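Trainee: What follows is a single structure, and I will ask about it in a moment.
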Amino acid sequence: MASNPPPPPGQGSPNWGSPANPTQPPGQGAPNWGTPAGPTPPGQVNQGWSPPPGSQPPPQPGMPFAPPGMPLAPPQPAPSMAQPPAPSPAPAGSYTCAWCGMSSQNPGGSCPSCGAPVDIRAIQDTSGWTQLPAVKDMARIQFGQSTCQIAGTVVPVADVTLDGGESVFFMHHTLLFRDDGVKVDTLKLRGGWSRMLAGMPLVMVQASGKGHIAFSHDAAGEIVALPIQVGSGVEVREHTMLIASGATAYDWVMSGIYFTTLKGQNEQETHYPMGQFLDRFTAPRSPGLVLLHAKGNAFVRRLGPGETILIKPTALLYKDLSVSMHLHFEHPAGAYRSWRSWGNRYLWLRCIGPGRVAVESAFVPVEDPGLDLMGSSPATRQQW
Amino acid sequence: MVEAVGQRVECQWCHGQNTVDAQSCATCGAPLDVRNLVSDSGWREAPRLRDMTEFHFGSSACQVEGELVPVAEITLSPQDGVFFEHHVMLWKDQTVPVGVMPLQGMMKRSFAGMPHIVTTARGPGRIAFSRDATGELVVLPLHPSMELDAREHAFLLASHTIQYSYTRIQGMRTALFGGQGMFMDRFIAAGQPGLLILHGYGNVFERTLAAGQSILLEPGAYLYKDSSVQMAVESQKLTTGLFGGTGLHMVRMTGPGRLGIQSMYVHHATE
């Protein structure tokens, strides 16, 4: 894609916190190279952006992706959705899981909804992150009349016993073994072409019948069980899903997180630091269950309304639908910069509550070539 | 993981006999004070060896160190030796002599991606081995007349009393889609007992299939089996309308015999 050459230092039109040049025709705004940021006071986040004339709205879930080259746009609030239910006091004699918030009677050694052990307190650090209580070896999770047993501790296996009335769906490369009584078939997905271009699995497989079928991922970590209550849902980073129960509705949505850099003299390259799509799981009619595989350890934090946290985009495991997110660029003080490069910058995902945000500790480093930033999805910036 | 037999306790993993006060099996290192962990579907977890557990073979000893990527540290007596793929060697005493095991079919092994050279080490002295990923050691004492097949590059070491060869996988489809390549390692205890140690990625589970009983496996999950267990690939077409779809290839393992799998496997492309 052709673009204009960079202007001399000091004559650019940075979109960091200021509107684009209103005299320019729509869609032809100057690229974002040029001088460093405007006078954002150290330690403050620049959020005072207003959209340039002719700019496109940020991508919405399920809509086509906006073309590259779009300047920094303001963060948008998350769509209005039901917040996940917070744990509520349980009736006398019952047990409420501190992890998933589900109540049960006589749970034994572990929560029947998510497998978290009942005999340990939530492991919460001083910053508010709660470590996922590791599911005990051989713990069972109930969904409908079927069960899922978690076996192993290094690369745990989800060993599902289907009773005939339920089904599960999964990406085919996580299948470990199955009995003859369990039948597998393709689950139809919309947007096969887009999924293929984005590197997402083209085939989602559904297993039904009666018998055992087991799943595992390909890295050391933990299995995170997420019971989905009716009317709520979660968004999950791609390739982290292990299985979901048949009662769970599955969809995939645009992540809406991207930035573009200059490649060569006149080409732009678009980067998706957390992937192009997110998996979305909801429970429209009856409660569902989603199992994720977290690489390393998993931690969750419940954000209050308006509360924010910066996380690495590739570390996101899942978030509630009520949590909004956008890119955040952070420039450390004293970093070298030139007209050709923005120098050292840190790329973050800024999550805004209310709702849960979970991260995994063994994450792939974010790919940022460190070249001129030409545009991005809605973003904020901080100059130290 | 024990069964009392008179004044002895029997290890449920290798059936070795131990004194009643033993904390771990002297033959395979399995903890004796931990119950078997068996899933609803009948898979038994391989015993997770405790850090610094020691067990014996011949007149030599093996100590297991570490829990994430465990190390097998061997103290060889002058009468004993071990063989292994050279790239799993972690360290050794300078005085431990090493040599090369004569193998047949070097050209075939080369084409099949198997190691050209199997290295031997003799006592006395210490030598240690480890693989390159998170997992666990599977200690398999072999009694005379036992034959065991292992996927290539899974074996860590074996004692010198074990005969080593490799077996060609039968059937073109199984060779192409079975996830093992063209050959499997075969270990035979002919006249005297020996020790085989494998490294399984992730967690390792074992199941004993009855005669004629079968199960479908992801090809990359297969770790080891008794030579009596038969394997054959079965394919299923998963269609996705205009995009054609993909093939789902699984290995059918049919008993009788033991079958071991690993939970962190290399997914061999099925598309």
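The values are calculated or read from the model by the stated rules, or taken from the named source; none is laboratory data. Small disclaimer: the values here were computed from a predicted structure and weren't measured. Quick reminder, even Gly has a Cβ in these numbers, built from the backbone with ideal geometry, and neighbours come from all protein chains shown. All accessible areas refer to the heavy atoms of the entire protein, side chains included, with ligands and DNA or RNA removed. Shrake-Rupley method; radii C 1.70, N 1.55, O 1.52, S 1.80 Å.
Trainee: Going through region A:198-215 one residue at a time, which ones are modelled with pLDDT under 95 and either within 7 Å of chain B (Cβ to nearest Cβ) or not in a strand (DSSP E or B) (or both)?
Mentor: Within region A:198-215, A:A198, A:G199, A:M200, A:P201, A:L202, A:V203, A:V205 meet the criteria.
Trainee: Does region B:34-46 contain any residue that is touching a residue at least 12 places away in the same chain (Cβ under 8 Å), in a strand (DSSP E or B), surrounded by 15 or more Cβ atoms within 10 Å (Cβ to Cβ) and away from chain A (no Cβ under 14 Å)?
Mentor: Step one: list which residues in region B:34-46 are touching a residue at least 12 places away in the same chain (Cβ under 8 Å), which gives B:34-36, B:39, B:42-46.
Cutting the leftovers down to in a strand (DSSP E or B) gives us B:44-45.
Those left that are additionally surrounded by 15 or more Cβ atoms within 10 Å (Cβ to Cβ): B:44-45.
Of the ones still in play, those that are also away from chain A (no Cβ under 14 Å) are none.
Checking region B:34-46: not a single residue is touching a residue at least 12 places away in the same chain (Cβ under 8 Å), in a strand (DSSP E or B), surrounded by 15 or more Cβ atoms within 10 Å (Cβ to Cβ) and away from chain A (no Cβ under 14 Å).
Trainee: Please work out which residue is farthest from the other protein chains (Cβ to nearest Cβ), limiting yourself to region B:227-243 and to residues that are part of a strand (DSSP E or B) and out of contact with any Pro (no Cβ under 8 Å at 6 or more places or on another chain).
Mentor: As a first pass, look at region B:227-243 and keep what is part of a strand (DSSP E or B): B:230-238.
Those left that are additionally out of contact with any Pro (no Cβ under 8 Å at 6 or more places or on another chain): B:230-232, B:234-238.
Values: B:Q230: 16, B:M231: 13, B:A232: 14, B:E234: 10, B:S235: 12, B:Q236: 7, B:K237: 9, B:L238: 5 Å.
The qualifying residue farthest from the other protein chains (Cβ to nearest Cβ) is B:Q230.
Trainee: Considering region A:102-112 alone, what residues qualify as being of a type outside the set (S, T, Y) and modelled with pLDDT of 80 or more?
Mentor: To start, the set of residues in region A:102-112 that are of a type outside the set (S, T, Y) comprises A:102, A:105-109, A:111-112.
Residues satisfying the conditions are A:M102, A:Q105, A:G109, A:C111, A:P112.
Trainee: Please verify whether B:R126 is basic (K, R) and either open to solvent by less than 10 Å² (accessible area, probe 1.4 Å) or closer than 28 Å to A:D218 by Cα (or both), treating the condition exactly as stated. Give the steps one after another, and end with the answer.
Mentor: Details: basic (K, R): yes; either open to solvent by less than 10 Å² (accessible area, probe 1.4 Å) or closer than 28 Å to A:D218 by Cα (or both): no.
So B:R126 fails the test.
Trainee: For A:M254, which of the numbered conditions (1) closer than 30 Å to A:F215 by Cα; (2) open to solvent by less than 10 Å² (accessible area, probe 1.4 Å); (3) aliphatic (A, V, I, L, M) fails to hold?
Mentor: If we test A:M254 against (1) closer than 30 Å to A:F215 by Cα; (2) open to solvent by less than 10 Å² (accessible area, probe 1.4 Å); (3) aliphatic (A, V, I, L, M), just (2) comes out false.
Trainee: Scan region B:202-219 residue by residue and report those that are at the interface with chain A (Cβ under 7 Å from one of its Cβ atoms) and among the β-branched types (V, I, T).
Mentor: The answer is B:I215, and nothing else.
Residue-by-condition table, conditions (1) away from chain B (no Cβ under 14 Å); (2) assigned to a loop (DSSP other than H, G, I, E, B); (3) at pLDDT below 85; (4) on the phi > 0 side of the Ramachandran plot:
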{"residue": "A:Q76", "(1), (2), (3), (4)": "yes, yes, yes, no"}
{"residue": "A:P84", "(1), (2), (3), (4)": "yes, yes, yes, no"}
{"residue": "A:P87", "(1), (2), (3), (4)": "yes, yes, yes, no"}
{"residue": "A:W99", "(1), (2), (3), (4)": "yes, yes, yes, no"}
{"residue": "A:C114", "(1), (2), (3), (4)": "yes, yes, no, no"}
{"residue": "A:I120", "(1), (2), (3), (4)": "yes, yes, yes, no"}
{"residue": "A:S127", "(1), (2), (3), (4)": "yes, yes, yes, no"}
{"residue": "A:P133", "(1), (2), (3), (4)": "yes, yes, yes, no"}
{"residue": "A:Q142", "(1), (2), (3), (4)": "no, no, no, no"}
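Trainee: Inside region A:168-188, can you point out the residues that are more than 7 Å from chain B (Cβ to nearest Cβ), open to solvent by less than 50 Å² (accessible area, probe 1.4 Å) and either modelled with pLDDT under 70 or under 25 Å from the mean Cα position of the chain (by Cα) (or both)?
Mentor: A:V168, A:F169, A:F170, A:M171, A:T174, A:L187
Trainee: I would also like to ask the following. Given (1) crowded, with 17+ Cβ neighbours inside 10 Å; (2) modelled with pLDDT of 85 or more, where does A:R195 come up short, assuming only one miss?
Mentor: All conditions pass for A:R195, except number (2).
Trainee: Which of the strands (runs of 3 or more DSSP E) found entirely inside region B:57-108 contain at least 1 residues meeting this: open to solvent by less than 50 Å² (accessible area, probe 1.4 Å) and within 18 Å of B:L142 (Cα to Cα)? Full working, then the answer.
Mentor: Working: elements: B:60-65, B:71-76, B:81-85, B:89-92, B:98-101.
The strands (runs of 3 or more DSSP E) meeting that bar are B:60-65, B:71-76, B:81-85.
Trainee: Residues in region B:244-252: is at least one of a type outside the set (S, T, N, Q), more than 18 Å from A:S216 (Cα to Cα) and either in contact with a Pro (Cβ under 8 Å, 6 or more places away or on another chain) or at pLDDT 95 or above (or both)?
Mentor: From region B:244-252, those of a type outside the set (S, T, N, Q) are B:244-245, B:247-252; that's our starting set.
Among the residues that remain, those that are also more than 18 Å from A:S216 (Cα to Cα) are: B:244-245, B:247, B:252.
Next cut, either in contact with a Pro (Cβ under 8 Å, 6 or more places away or on another chain) or at pLDDT 95 or above (or both) only: none.
No, every residue in region B:244-252 fails to be of a type outside the set (S, T, N, Q), more than 18 Å from A:S216 (Cα to Cα) and either in contact with a Pro (Cβ under 8 Å, 6 or more places away or on another chain) or at pLDDT 95 or above (or both).
Trainee: Say whether the condition of being within 12 Å of chain B (Cβ to nearest Cβ), part of a strand (DSSP E or B) and at pLDDT below 90 is met by at least one residue in region A:230-251.
Mentor: No - not one qualifying residue is present in region A:230-251.
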